[in-house]
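To start, the structure itself, in structure tokens.
The values are calculated or read from the model by the stated rules, or taken from the named source; none is laboratory data. Model, not experiment: these values are computed from the prediction. Don't worry about glycine lacking a Cβ; one is built from the backbone with ideal geometry, like all the others, and counts go over all protein chains shown.
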């Protein structure tokens, strides 16, 4: 698995069979996949403070060309990871599979589900292009 460094636009080469894409909050994420290719989207999250990401299916566009699985929250791992503590961030991941050629826009919202806010705290767009073979 390759880690893509954050930038204004992230483009993933079609030759990569699997990738991890993330960006600074609010910066657009753009993914390019071949049909059948898989990857992950990772967004920083701190669920112990109540803030969690969810995919907003109602406002996302053309989701039928993608298969998306919620992998949930993961704490950082490895020798550099700090011990688990309240308020420590980690990442929320979703696995993405390109099912058919086309373009889709997936919208993620950061919110505290127990609050009755009309607007999310943050939003993250992910533009996905599935190339024809």
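Looking at residue 84, is it exposed (fewer than 15 other Cβ atoms within 10 Å of the Cβ), at pLDDT 90 or above and in a loop (DSSP other than H, G, I, E, B)? When the stated conditions are applied, residue 84 does not pass them. Does segment 40-79 hold any residues that are free of Cβ contacts under 8 Å to residues at least 40 places away in the same chain, over 20 Å from residue 112 (Cα atoms) and either within 12 Å of the chain's Cα centre (by Cα) or surrounded by 12 or more Cβ atoms within 10 Å (Cβ to Cβ) (or both), and which are they? If the condition is that a residue be free of Cβ contacts under 8 Å to residues at least 40 places away in the same chain, over 20 Å from residue 112 (Cα atoms) and either within 12 Å of the chain's Cα centre (by Cα) or surrounded by 12 or more Cβ atoms within 10 Å (Cβ to Cβ) (or both), then 67, 68, 69, 76 are the ones that fit.
Against the condition outside any strand (DSSP E or B), at pLDDT 95 or above and farther than 16 Å from residue 124 by Cβ, how does residue 64 come out, does it pass? Judged against the criteria, residue 64 is a match. Number of residues in segment 87-114 that are surrounded by fewer than 10 Cβ atoms within 10 Å (Cβ to Cβ) and modelled with pLDDT of 90 or more: the value is 1.
Residue check: residue 48 meets all listed conditions (1) assigned to a strand (DSSP E or B); (2) modelled with pLDDT under 95 but one, namely (1).
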